[in-house]
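These notes concern the structure reproduced below.
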There are 4 protein chains.
Amino acid sequence: MVKKKIRMGMIGGGHGSFIGILHRVAAYMGEDYNLVGGAFDFDYDRAKLFAEELELDLSRVYENIDVFIEKELALDKDTRIEVVVIVTPNFLHYSMAKKLIEAGFNVICEKPVTTTSAEALDLEALVEKNKVVFALTHTYTGYPMVRQMKTMIAKGIIGKIQKIDAQYYQGWINPVIHDKNERSKVWRLDPAKAGISSCMGDIGVHAFNMIEYTTGMKVKKVLSDLSTLYEDNALDVDGTVLLRMNDDVRGVIRSSQIATGEENNLQIAVYGTKGGFKWEQENPNYLYYFKEGEPYQVLKPGNPYNGDFAQESTKMAPGHPEGIFDSMGNIYKGTARAIRKESNIHEGSFPTINDGVRGMQFIEATVASSQNGNVWTEIS
Amino acid sequence: MVKKKIRMGMIGGGHGSFIGILHRVAAYMGEDYNLVGGAFDFDYDRAKLFAEELELDLSRVYENIDVFIEKELALDKDTRIEVVVIVTPNFLHYSMAKKLIEAGFNVICEKPVTTTSAEALDLEALVEKNKVVFALTHTYTGYPMVRQMKTMIAKGIIGKIQKIDAQYYQGWINPVIHDKNERSKVWRLDPAKAGISSCMGDIGVHAFNMIEYTTGMKVKKVLSDLSTLYEDNALDVDGTVLLRMNDDVRGVIRSSQIATGEENNLQIAVYGTKGGFKWEQENPNYLYYFKEGEPYQVLKPGNPYNGDFAQESTKMAPGHPEGIFDSMGNIYKGTARAIRKESNIHEGSFPTINDGVRGMQFIEATVASSQNGNVWTEIS
Amino acid sequence: MVKKKIRMGMIGGGHGSFIGILHRVAAYMGEDYNLVGGAFDFDYDRAKLFAEELELDLSRVYENIDVFIEKELALDKDTRIEVVVIVTPNFLHYSMAKKLIEAGFNVICEKPVTTTSAEALDLEALVEKNKVVFALTHTYTGYPMVRQMKTMIAKGIIGKIQKIDAQYYQGWINPVIHDKNERSKVWRLDPAKAGISSCMGDIGVHAFNMIEYTTGMKVKKVLSDLSTLYEDNALDVDGTVLLRMNDDVRGVIRSSQIATGEENNLQIAVYGTKGGFKWEQENPNYLYYFKEGEPYQVLKPGNPYNGDFAQESTKMAPGHPEGIFDSMGNIYKGTARAIRKESNIHEGSFPTINDGVRGMQFIEATVASSQNGNVWTEIS
Amino acid sequence: MVKKKIRMGMIGGGHGSFIGILHRVAAYMGEDYNLVGGAFDFDYDRAKLFAEELELDLSRVYENIDVFIEKELALDKDTRIEVVVIVTPNFLHYSMAKKLIEAGFNVICEKPVTTTSAEALDLEALVEKNKVVFALTHTYTGYPMVRQMKTMIAKGIIGKIQKIDAQYYQGWINPVIHDKNERSKVWRLDPAKAGISSCMGDIGVHAFNMIEYTTGMKVKKVLSDLSTLYEDNALDVDGTVLLRMNDDVRGVIRSSQIATGEENNLQIAVYGTKGGFKWEQENPNYLYYFKEGEPYQVLKPGNPYNGDFAQESTKMAPGHPEGIFDSMGNIYKGTARAIRKESNIHEGSFPTINDGVRGMQFIEATVASSQNGNVWTEIS
């Protein structure tokens, strides 16, 4: 029987949206979804142009979320969009998600889910009531080795957890924070747009999520020390949070946007009575497993020693970093430019037939040299 | 004006083909291509089922490459497939590419291009004559940091090259090579299927390609020492190749399929009169740049200090390994299973609304703790 | 003019004392000291035997510190011991140091200096009054790259400091802490022997010292969260400390003895307005320097790009880890065994003349092969 | 019974000799040797001054090796020097070793043992005939993890060896090699002083030695490709050597002095039928162990999972890089300067009593903060 693709809509994510393409590619990867329509832009003309490039049916491109819901609901259930991706600015997440859930759509929502926990609790109740699927894209939980860590901890392999340490250090705000005029222009530092927190709200919460995700434990209470660095700056750009988990287990989250030179340095370490784990987002293919009294081990994706969950989260053979898709994608991009006869294509944008010729000549010369007694052999 | 997607066809790559999905996702990534049809399988029923799942127009699904070419050529030029991806077994590459090029199609072909250099030269002549675009997917040349290395070498930043060293070590053949019966079943070791070489033909040639790609130099002659390990084994599973480049520059390629425990350890080091570079495929986001007399530098993708070519080859902000697409893809996969109400979904396959609630509660408690004088604050 | 060696005495450090040999070798390294005598052991016979093995003048081996002081003071100033190394159990440091300082000896004292800050302040006053040199062996401040970090921060290279993070994670107490009987036997957990703290007193204080050493800043106040893990355990085995430095700069120290699998993972990161630094004790030869807007750099000892202080703290050429002394020391140890005709010497304990023969044959064969046109050449 | 120290003499190694101090410290480390005398310098006055600083008995300081031998042989056997360290220029090693062996002294000789294999064979015969101990200081074989690798390979843990790859890359000659005048001044490139090889003779031979040491196998024949880079340069500065071991096992040595930016990058990888090992000299505390089908392991010194040979080659607890001796040595050096009241001592050359005070205050404040309910606590 044919496994049908899920009909997907998108709110936001049009021209120039990095997060939009990330979601579309992710949806494409498993060949589970089919993008059918959406309300991609507050500028309707731009939305239609965008949809045209994607070769979508323009009758499924809508002015806004209200029209989207109204028109889609009018469609037959077999045609209607089944899941809607929300990739609009943060402050719109709550109201849009609410409307979609109430209309019965499944929702995939970019992080943060809302701007307050009250709103989030409201959505939680609605999800339950309307029996829809709601996915929040805390991206880092999708890594194979994070899933392997979760699996092994759940199995009790490191025993009872006794210490948790997570870090999320970035330095991106450093170049602007020290100039009063510049920092006043950063939306992340504007409470009206970013809510009550910059550093904790944007990245500290990822560290928090990773702790609860991998350990299966809950944070019970926190004691924090946040810094805004300047008095005229309202929101935190740095902070340390002491954690008390269930069973009185101690933990700490360190998070910063002023760790100058750091890019996206998310790390998590969990120590138990029998062993420990460490994982780093910038090198996501390595899971460090400490076992009391033995040399530490390094687990990598795609190997049969991993559990089912990690294995099904990997498409590649061992040793291929997942980013190989992107690398292949770059070659396709270069080829597309050539097919379209675009100008100023970088030399080396894609391998040509000549690379094929050279390769075959290399192989033949190499085999000949060895067979003829290890002698120098020319490549024509 | 709307930028039209390129109409893409595919030969091979149907159900269960890992290489097929890699090419389709790569094609999707830049949103430059639209898969329109193909001859996906030698079993036509299976090909149609596969196409149905991809929601393709079944009239564009063909029995084989000959029917593909005949029917597509009969179509209007504005409808006809513009580029064809060849992802069939290696021994078919040559004949299929030949037919497609002669019919005027642009071609994207999996590696290796052919099984002999004579065939490759033949294709090269045909490409020139028919003025089509021919791309060979030497995947590793698509990495941003490989492209940055190429750019910096071309600019003369490390001066005149004086030493080149490339390695491609795998261990995958070790578990089968030592058993006579097992090794006789490996197609890579069968000259009828793999051509004249296993190790050099499959991976050594990548090291060769990376050398010519990054340095812009040509290998003039080789002296090699290949090993089949066992007398009854016809093809090499290991080898070292001494290189003489133009200008008498020395180099070496080391390649193995019996480097037990190695997964996909491709590395390249290039040393010049003013500096040097090192890059490793398993950690593709780091480019090590040695500058005579100074501390070495580590370049990473997405940073403005990179050149245009590397920058346009990156979709992500600095610090995000490219594999984040895959991580996000896993979350979409889990969500799809929930939408389809599949059973046995791993706990933690995608973050739910409850993760959203927890996150907002964490942020609020953290801000409150700090504002109230660093006191313990509960998370409800 | 001849540079005289400093006459050194030692209290404690006799047979079986690891810390004693560490101090003696360190004293030997710069060829600045000469061990002349001491009170090496509370068992006087054992002390004399030990001294005999070291070939010391037995008239300078004393029953205890009081005799040591009395007899040495009776000696001529040109003969008298100039500096005394204290390597006794922690609780004796204060009383011994006090006596020595009051008697006018320079002192080199193992860490911790005392068991209370009142005692330490007392010593500080005595040091000032008696105008002696007092060195406390916070070993990690001796690393070349730590000194380079200190120098560069002092020069303002990373601008104004805005965030400090230090870690000292060990797991050594994990195998014993979970058994009530076992943990009651650990002297580190006995307040009578270890003072008021285990984790902070033993290792957290190193992190603290490294922060003040490298940044030149002072910790003004702390907020800490220490854990004893079990109620019947009196002293902390884990803790996180929030720091407020001068100028309101934030910092954090994380320290643990229950980070299962960690060995001696001391790390320090300092971020400023223009850049940042990271250093790790387990890989002490690498100093990571982040410069806003540029690829990060990795500094290594012995290179002329380092400052004077780091350079004079290195004995080795670049690329030789300092541990090469130990490696050479092992070869000397093996040779000593052979000279003494000891039995059960490990094969390979030192290279023999046959290794020399093989090496020369290798060099000659290699040169011959290349000169004769890259042909196989046998090694006899 | 007292274990007597071995009486050691030294030829060469006086003022300004780096290699001399390396040998003296190594000899001191195990407290097995006592430096008694020598012929430290061809300038006898300088030799005596040097010996005075070391506080040696000047009657044991000799004009040259001939006087050394004559006078020492005249001494009673219980007083006579038992082992002589040769740290003179390379071309003198042979003649000096010969004299010493024939006179019945044990010898510790710096690398290279001689300048030809004929000379080395001659020494080998003499060593046998005179029944003396002869140690050649191939330093890298003294590392604990190299010894652990040797032990595990000998035990058959990685099965039958099937591939060996060693590298020794340096870049030190790059800054001088490209200027004809400069390169003519380098003694390493002068056949009269350096023998028949620069790169292979100085460092390639270490790679060779490491291969034979760790694997226990012998290199049977070589095929090499050496480069002098310039025609007027007589000796190799770069080369690759194909190896054929016993049992027809393949290997390769890559060695260079023009790998710009490399410092002392010696690496060895050995792959067998069941697993593999990798070790790098610049990070000598890590031994990478690949086991077919399992995550790879990382072994570190000092841990009980290591074998006897590695364990007895470590003085430190796990997690302390061996270089901690050097770090401690730097603190002693700084203290010596203070005791000698030298001027221009770097601030921070050694921790003072004030560091002790600060440390105790930190510990007390930290414990108080936690006990008082995690409140801010000042450090006076």
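The residue among A:199, A:164, A:127 whose Cα reaches farthest toward the positive pole of the charge dipole of the range A:119-210, with charges on the beta-carbon of Lys, Arg, Asp and Glu, is A:164. The order of B:155, B:111, D:163 by accessible area, most exposed first and with a 1.4 Å probe, is B:155, B:111, D:163.
Neighbouring Cβ atoms from other chains, within 10 Å of the Cβ of residues in A:74-84, number 1 on average. Of all DSSP-defined beta bridges confined to chain C, some 60% are antiparallel rather than parallel.
When the surface is traced with a 1.4 Å probe over the full set of protein chains, residue A:45 keeps roughly 110 Å² accessible.
Remark: spin-label model distance residue B:154-residue B:342 equals 4.3 nm, labels positioned 7 Å along the Cα→Cβ axis. Is the range D:1-83 best put as rounded, prolate or oblate by its Cα gyration tensor, with a ≥ b ≥ c the root eigenvalues, rounded for a/c under 1.5, and otherwise prolate when a/b is larger than b/c, oblate when not? Oblate, since a/c reaches 1.5 and b/c is not below a/b. Around the Cα centre of the range D:140-186, unit charges on the Cβ atoms of Lys, Arg, Asp and Glu (plus for the first two, minus for the last two) sum to a dipole of about 280 debye. Summing +1 for each Lys or Arg and -1 for each Asp or Glu among the other residues whose beta-carbon sits under 15 angstrom from that of residue B:46 gives -4. Using only side-chain charges placed at the Cβ, +1 for Lys and Arg and -1 for Asp and Glu, the dipole size of the protein assembly as shown relative to its Cα centre rounds to 0 debye.
Expressed as a whole percent, the accessible surface of the protein assembly as shown that belongs to carbon and sulfur atoms is 50, based on a 1.4 Å probe. DSSP beta bridges fully contained in the protein assembly as shown are about 60 percent antiparallel. Within the range A:1-83, the GluC sites (Glu not before Pro) that combine a DSSP coil assignment with at most 16 other C-beta atoms in a 10 angstrom radius are A:55, A:63. Count Lys and Arg as plus one, Asp and Glu as minus one, and take only other residues whose Cβ is under 11 Å from that of residue B:124; the net charge is then -2.
Per residue of D:169-175, other chain Cβ atoms within 10 Å of the residue Cβ number 5 on average.
Chain D against chain C buries an accessible area of about 13800 Å², both chains summed, 1.4 Å probe radius. Could you point to the residue in D:88, D:75, D:353 farthest towards the positive end of chain D's charge dipole, with +1 and -1 charges on the Cβ of Lys/Arg and Asp/Glu respectively? In chain D, that residue is D:75.
Net charge in the neighbourhood of residue A:111 (other residues with Cβ under 11 Å of its Cβ; Lys, Arg +1, Asp, Glu -1) is -3.
Sorted from nearest, the other copies put their residue B:341 label points 5.4, 9.0, 9.3 nm away, the label point being 7 Å from Cα in the direction of Cβ.
Taking every alpha-carbon pair under 8 Å whose residues sit at least 6 apart, chain C reaches a relative contact order of 12 percent.
Among the GluC sites (Glu not before Pro) in the range B:254-363, those located in a DSSP loop and surrounded by at most 14 other Cβ atoms within 10 Å of their own Cβ are B:342, B:347.
What is the range A:219-348 by shape, rounded, prolate or oblate, if you read a ≥ b ≥ c off the alpha carbon gyration tensor as root eigenvalues and call it rounded for a/c under 1.5, prolate for a/b larger than b/c, and oblate otherwise? Because a/c hits 1.5 or more and a/b fails to exceed b/c, the range A:219-348 counts as oblate.
Computed over the range D:99-237, relative contact order equals 23 percent, with contacts defined as Cα pairs under 8 Å that lie 6+ residues apart. Which one, B:16, B:44, B:33, is farthest towards the positive end of the dipole of the range B:5-53 when Lys and Arg carry +1 and Asp and Glu -1 on their Cβ? Going by the charge dipole, the pick is B:33.
Spatial offset of the range C:20-52 relative to the range C:167-198 amounts to 29 Å, using the alpha carbon center of each. Remark: the range D:111-210 carries a charge dipole of roughly 360 debye about the Cα centre, counting +1 on each Lys and Arg Cβ and -1 on each Asp and Glu Cβ. Working from Cα pairs under 8 Å separated by at least six residues, relative contact order for the range A:18-151 is 16 percent. Solvent-accessible surface of the range C:1-68, taken per residue with a 1.4 Å probe and all protein chains present: 39 Å².
Between identical copies, the spacing of residue A:104 label points, each set 7 Å from Cα toward the C-beta atom, reads 5.0, 10.0, 10.7 nm from nearest to farthest. In the assembly of identical copies, residue B:79 has its label point, taken 7 Å from Cα in the direction of the beta carbon, separated from the corresponding points by 2.3, 11.2, 11.4 nm (ascending, one decimal). Shielding of peptide C:209-220 by partners, expressed as the average count of other chain Cβ atoms within 10 Å per residue Cβ, is 3.
Chain A has one residue whose beta-carbon comes closest to the axis relating it to chain D; that residue and its distance in whole Å are A:297, 3.
Please work out whether the protein assembly as shown counts as rounded, prolate or oblate from its C-alpha gyration tensor, where a ≥ b ≥ c are the square roots of the eigenvalues and a/c under 1.5 means rounded, while otherwise a/b larger than b/c means prolate and anything else oblate? It is oblate, given that a/c is not under 1.5 and a/b is not larger than b/c.
The values are calculated or read from the model by the stated rules, or taken from the named source; none is laboratory data. Quantities reported herein were computed from a predicted structural model and do not represent experimental measurements. Here Cβ is always computed from backbone atoms with ideal geometry, including for glycine, and neighbour counts include all displayed protein chains. Keep in mind that these areas ignore ligands, DNA and RNA; they rest on the heavy atoms of the full protein, side chains included. Shrake-Rupley method; radii C 1.70, N 1.55, O 1.52, S 1.80 Å.
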